[in-house]
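A short write-up of the structure that comes next.
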Amino acid sequence: MDRIEEKICQIIDSKKDEIMAFGRDIFCHAELGYKEHRTSQKFVEEMEKLGLTCETGLAITGVKSYLKPKGSQEGPTLAVIGEMDALPIPNHPDAWSETGASHCCGHNAQLTGVVGAAIALCDPEVAQAMGGNLCFMAVPAEEFVDIEFKSQMMKDGKLGYGGGKCELIRLGAFDDIQIALGHHTFPGADYGIYNSSSNGFVNKTVTFQGRSSHAADAPHEGIDALNAATSAMVNIALQQESFRDEDTVRVHGFISGGGTAVNVIADHVTMQYSVRGKTPEAYLDAAKKVDRSLKAAAMATGCGVTIETMAGYMSGVVNPDTQVLESVLQDLDAMGPYHHRRDMLTHATGSDDFGDVATLMPLVHFCTGGYVGNLHNPDVRVEDEYLAYVVTAKIFAITAYRLMKNGAEKAKENIEHYKAPMTKEEYLAFMDGMQRTETVDPEPLPIVGKE
């Protein structure tokens, strides 16, 4: 490490108690996507302590804060990105009682790492040693949950897309960004490179409309929306053999609402489905098969069905240039005491909206540990706050510095060599092309024996 990098580590270590306290606070006050008002405000407060100004209200709760005045520097701008949202897992012991949400995917560590990195990178000598500019970003709504809330926001004209980074791209918040730096929590290891392809997906909100009747006295007079939902699940399961193994298709969902009482034939059922695949071709093909399964269920039962398709996330894109991050992790291993490295380089069947960012620009992506348990599960705990928060801040900061020093030499090389799959215009056209609503009207038969 050079002298500036040693200074970065010293500054972060000198503020480690504050950094860990911030991570702990966010962990215990989890909020769902596009509702991260407290989290967003806490991030703004930390940036303002460093003398930075903030652009707020981006995609409702998002924040951008520039190291140097916006537009004042020649060269690329690197986004240092932390996610804010949590998951609706109310049975976690540290779930926030006001929201029923808990940080079971470690986004609090991302945001804390960005705050810790900003503390060091705002040092005048450190900032002066870097070319271009840095933008510290707090982004909303990575978890594709709380769909009915997001769908209503879209109908009200307050949102365009369900994912936070997708919405920020749509609104132009990434227009002045040329390269991104991101993080993911990874229980079971200390750190690693996260540079794999991943599944993309579309989301579906499905509503079957039936007709209620007395479930014991006159079930034949009803049209059971729950039967339609059951048929749909069987139909979808029967599509599995039509998916190629190499496309890693995943179709999964749940019933989010329906029926009113055990003795009343259900006149409505709402379901949520995600349809994932390795490539857009794969998941769009799977989505068509899901649609025909839903329509067949409606036809078989006489129900009507409304299928609302919402654009999800793009497939992850591999960045061929990992030399800077590799050098940072090698130095971290030499420093100790953390040595358990595990890189994530094989295809991931999950999805996140860093894939949307990587569709437009190079993404430098790493992971750190400090957690135990299984992500998206109430057994997740922070086991090592120093690793989860402070080491994360160091990797963010040193990687950003190495990309941007010497007139942003390494950042420029990465940008030059990267082949983005889409332009912004192509991306928006693709996303908008997925968003549609189809309705099949109910076709009830006459009730036998009833005039």
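None of the figures in this text is laboratory data; all of them are computed from the coordinates on show. These numbers were taken from a predicted model, which means no experiment stands behind them. Here the Cβ positions follow ideal geometry from the backbone for every residue, glycine too, while neighbour counts run over all protein chains shown.
For this structure, a couple of remarks:
- For region 332-451, the square roots a ≥ b ≥ c of the C-alpha gyration tensor eigenvalues yield an a/c of 1.5 or more together with a/b not exceeding b/c, which makes the shape oblate.
- Multiplying the residue separation of Arg341 and Arg244 by 0.36 nm and removing their Cα-Cα distance gives an extension gain of 31.7 nm.
- Rounded to the nearest Hz, the phi-derived 3J(HN,Hα) couplings of region 160-173 under the Karplus curve 6.51 cos²θ - 1.76 cosθ + 1.60 (θ = phi - 60°) are x, 9, x, x, x, 5, 4, 5, 5, 4, 4, 7, x, 5, where x marks glycine and proline.
- When only alpha carbons are used to place a centre, region 114-167 and region 349-413 end up 14 Å from one another.
- Listed residue (Leu121, Val324, Phe22) projecting farthest to the positive dipole end of the chain, Cβ model: Val324
- Compared with the dominant principal axis of the Cα atoms in the chain, helix 16-27 is inclined by about 10°.
- In the chain, the longest principal axis of the Cα atoms and the axis of helix 392-417 are about 90 degrees apart.
- Set against the 2.2 N^0.38 Å expectation for a compact globular protein, region 26-168 has a Cα radius of gyration ratio of 1.09.
- Using a Förster distance of 30 Å, the FRET efficiency for Glu443-Thr349 (Cβ separation, nearest 0.05): 0.20
- Within the chain, DSSP assigns beta bridges of which about 70% are antiparallel (rounded to the nearest 5).
- Three-way shape call for region 1-67 based on the alpha-carbon gyration tensor, with the a/c threshold at 1.5: oblate
- Helix-derived mean residue ellipticity, 222 nm - over the chain, DSSP H n ≥ 4, -39500 (n - 2.57), to 500: -11500 deg cm²/dmol
- Taking all Cα-Cα distances within the chain, those exceeding 39 Å account for 25%.
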